[in-house]
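The structure appears right after this line, and notes come after that.
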């Protein structure tokens, strides 16, 4: 009976893997079709939006584990270890960033503008090199933190592979001294948190705010990394909900875990909206033309004003009133739905920030069916990466049946 259940699970896993692989293929095909069409800039716009979104999701989700360790929080339970699975997307994110260089002529509208002295900062070589090293440092710190975190939960009885052998060799040397491992986690976790804030600010300035080079907001970097943690929590809740629904009562992910991380998600929903609000208030009171044009174009002028209201309702108003209910935060299906909708809303928020600069002559919102297909391709990449990690390191999703 157990053998039949195991075979059935393996078959289902294989089917899911092929499903996401098909999504990746569809996304690649849609992107290539967009490049060969009459408007390659639209394909690169969708690519940039998805790179920013899915990279931020992975970076923010891993931040959760680092924060839980640094604060010695115990309430997160197995969800903390689960968040480490998003490091599997780091190599893909880095490669996707490098590919942005190929579309630089379509991504950066300021290439042929008079930047009035800002050329020192806004030039392609310097921009890509600083972002290159920023992401490299962030991801290396994330892997260093993961390397030590896996040693604490490593199970030598699990099937071994090349990656697990590397962790196993370190585990044999350090398993008698867990405090030493925890100290290393503290060092790398603290450095990852610091790098997260600095690098996400840099990415926000370079790949989002610079699209309108004459508009400046010193708060935009902080807004960008708060948003990354917000959607990272949302993606983590989605993965936790899927695992809980799959394992059922045998899962160690309990309703109280969803309730606690749901409160944190609710809190960062408020913080994201607050950063959005205070940034607008400073611009409103200052009433400087160089600043107000950015806000007016995105919140008051068609076609972007309707999109702005949609983002505000989907990402803040809706979640705010729904998550006030305590019981909703304990329901995996409901939390999965809410977080999925919020992530879609943040995708639209990226379109709101980038669209007017990249498609400034458009009379309607530059959104097409191919944008959705390209997004599905990125979703497939994220799912395959996280799924592969959980397959190689099943310790990340412990169940009571295996303990």
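Tabulated data
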{"item": "Residue 368 vs. criteria within 26 Å of residue 275 (Cβ to Cβ) and surrounded by fewer than 20 Cβ atoms within 10 Å (Cβ to Cβ)", "result": "no"}
{"item": "Candidates 96, 82, 92, 53 - the one that is at pLDDT 95 or above, touching a helix residue (DSSP H, G or I) at 6+ places or on another chain (Cβ under 8 Å), buried (at least 20 other Cβ atoms within 10 Å of the Cβ) and in a helix (DSSP H, G or I)", "result": "53"}
{"item": "Evaluation of residue 80 against (1) touching a residue at least 40 places away in the same chain (Cβ under 8 Å); (2) within 18 Å of the chain's Cα centre (by Cα) (one fails), failing number", "result": "(1)"}
{"item": "Any hit, the range 346-358, residues being over 24 Å from the mean Cα position of the chain (by Cα) and surrounded by 17 or more Cβ atoms within 10 Å (Cβ to Cβ)", "result": "no"}
{"item": "Residue 193 being at pLDDT 80 or above and farther than 18 Å from residue 59 by Cβ", "result": "no"}
{"item": "Flag if residue 225 is modelled with pLDDT of 95 or more and under 17 Å from the mean Cα position of the chain (by Cα)", "result": "no"}
{"item": "Filtered residues of the range 56-76 (kept if surrounded by fewer than 19 Cβ atoms within 10 Å (Cβ to Cβ) and assigned to a loop (DSSP other than H, G, I, E, B))", "result": "71, 72, 73, 74, 75"}
{"item": "Boolean, residue 316 is exposed (fewer than 13 other Cβ atoms within 10 Å of the Cβ) and in a helix (DSSP H, G or I)", "result": "no"}
{"item": "Residue 146 modelled with pLDDT of 95 or more and within 20 Å of the chain's Cα centre (by Cα)", "result": "no"}
{"item": "Qualifying residue in the range 282-294 (condition: touching a residue at least 24 places away in the same chain (Cβ under 8 Å), closer than 27 Å to residue 368 by Cβ and more than 24 Å from the chain's Cα centre (by Cα))", "result": "yes"}
{"item": "Whichever residue in the range 248-282 is in contact with a strand residue (DSSP E or B) (Cβ under 8 Å, 6 or more places away or on another chain) and modelled with pLDDT under 85 and, among such residues, is nearest to residue 299 (Cα to Cα)", "result": "251"}
{"item": "Elements of type helices (runs of 4 or more DSSP H) in the range 160-275, at least 2 residues being under 26 Å from residue 322 (Cβ atoms)", "result": "220-247"}
{"item": "Residues of the range 115-156 that turn out to be free of Cβ contacts under 8 Å to residues at least 24 places away in the same chain, farther than 14 Å from residue 84 by Cα, part of a helix (DSSP H, G or I) and out of contact with any helix residue (DSSP H, G or I) (no Cβ under 7 Å at 6 or more places or on another chain), as a count", "result": "6"}
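The values are calculated or read from the model by the stated rules, or taken from the named source; none is laboratory data. Here the structure is a predicted model, which means the values were calculated and not measured. Counting neighbours? That spans all protein chains shown, and the Cβs are built from the backbone with ideal geometry, glycine included.
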